[in-house]
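Have a look at the structure below before the remarks.
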Amino acid sequence: MFWFCVRSLFSEYGRLFLRHIALAHPVKTVRALFRSRGKREGDFAAQSAEYGAFALGRRSIVGLGFCMKPKDAPCPSGSDLHGCGYLERYAANGGAQVPPACRDCYIRKTGLAALRRGSAFYIMTSAKDILFDVFKPSLETGKFETGVFTLCRYSFQPFFTGMCISGIRGFLFPFCEGDCRDYKTWTRADRGEKDEQTFLTQDARSMIETLLGGERTGEGGVSFEKRGNVFYPDSFGS
C-alpha cells in the first residue's frame, strides 16, 4: 500500500484525495490508515461486519468493477463504462429482450438483485469517480452506510482505507482472474483500458448472493433511475 500511495500522490486522484479527504478530514484519515495497516487480503472479506448479521438495504451500495463486463459480445452500454445497457434500455419492459452479451452477464444479474434489495448499484471505473460518487458523499452526508464491492487485490488496502474514512461498513471481494497485479496495469484500467475480463470465485459469488437475499428469478419487479453514475431504486434510503 505504501508504494501505491506514494505513486498516487503524483496523480490527479492523489491530489484530489488530499484536498477533499485527507486535508479536510485529517483525524479520520489517520485513524483509517492505522486501521488498514497490516491488513492481509484474507481479512477484507469481512472487514467490519459479522457476515451472519450483515444486511444490505437502506443506504447501501453494491459496486462491481466495469472490467466484469463480458468480452465475447459487444456490451450495449458501449463506451459508457459506468453504464449498464440492459438496465437502462431493456429492464423497463420486464426484460422482454435480453441482448446476447447480457444473458450471462454477472453485472446485469447482480445489478437487478441489488436494486430489488433496495441498494444503490454502481459500476466502478476510475478512482477519481469512486472518490466523488461513493467516498466523499458518504463522508459528508452519510449517503452510503454499508456496501459490497468487487475489485482487484492490488487496490484492496487503498479502497479499504477509503471505506474506513467515509464510514462505510461492508465486504470486499477479490477478482480471481484477469485482475490488475501491478501499478502500470492498474493505471491503465483506471483510464478505462482493460483488455481482460475479471471473474470472482464461486465462493465469492455465493456469499454475494446470500448478502443480496438469495437468487431471484425474473427480470422485472424493480423501479429505479440512474442519477449521475449510480443506479438508485425508488426505495433507496426509505
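The values are calculated or read from the model by the stated rules, or taken from the named source; none is laboratory data. A quick note: this is a predicted structure, and the numbers were derived from the prediction, not measured. Glycine also receives a Cβ, built like all others from the backbone with ideal geometry; neighbour counts cover every protein chain displayed.
Taking the listed residues F160, F171, the one that is hydrophobic (A, V, I, L, M, F, W, C), under 16 Å from the mean Cα position of the chain (by Cα), outside any helix (DSSP H, G or I) and under 25 Å from K28 (Cα atoms) is F171, with no other qualifying.
The rows are residues; the columns are (1) under 16 Å from the mean Cα position of the chain (by Cα); (2) assigned to a helix (DSSP H, G or I).
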{"position": "C75", "(1), (2)": "no, no"}
{"position": "L81", "(1), (2)": "yes, no"}
{"position": "L87", "(1), (2)": "no, yes"}
{"position": "Q97", "(1), (2)": "no, no"}
{"position": "R116", "(1), (2)": "no, yes"}
{"position": "F132", "(1), (2)": "yes, yes"}
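For segment 212-220, state whether one or more residues are within 17 Å of the chain's Cα centre (by Cα) and either closer than 19 Å to L56 by Cβ or assigned to a loop (DSSP other than H, G, I, E, B) (or both). Checking segment 212-220: at least one residue is within 17 Å of the chain's Cα centre (by Cα) and either closer than 19 Å to L56 by Cβ or assigned to a loop (DSSP other than H, G, I, E, B) (or both). Scanning segment 96-110 for residues that are crowded, with 18+ Cβ neighbours inside 10 Å, among the aliphatic types (A, V, I, L, M) and either closer than 11 Å to M68 by Cβ or modelled with pLDDT under 80 (or both) returns a single hit, I107.
Tell me, which residue of segment 184-209 that is more than 24 Å from D80 (Cβ to Cβ) and surrounded by fewer than 16 Cβ atoms within 10 Å (Cβ to Cβ) is modelled with the lowest pLDDT? Residue satisfying both the conditions and the ranking: K184. I'd like to check something: does segment 122-141 contain any residue that is crowded, with 22+ Cβ neighbours inside 10 Å, basic (K, R) and under 28 Å from D182 (Cβ atoms)? No, segment 122-141 contains no residue that is crowded, with 22+ Cβ neighbours inside 10 Å, basic (K, R) and under 28 Å from D182 (Cβ atoms).
Would you mind telling me which numbered condition in (1) in contact (Cβ under 8 Å) with a residue 12 or more places away in the chain; (2) surrounded by fewer than 19 Cβ atoms within 10 Å (Cβ to Cβ) F66 fails? With respect to (1) in contact (Cβ under 8 Å) with a residue 12 or more places away in the chain; (2) surrounded by fewer than 19 Cβ atoms within 10 Å (Cβ to Cβ), F66 is out only on (2). Comparison of K184, K143 shows that the only residue that is of a type in the set (D, E, K, R), farther than 16 Å from M124 by Cα and in a loop (DSSP other than H, G, I, E, B) is K143.
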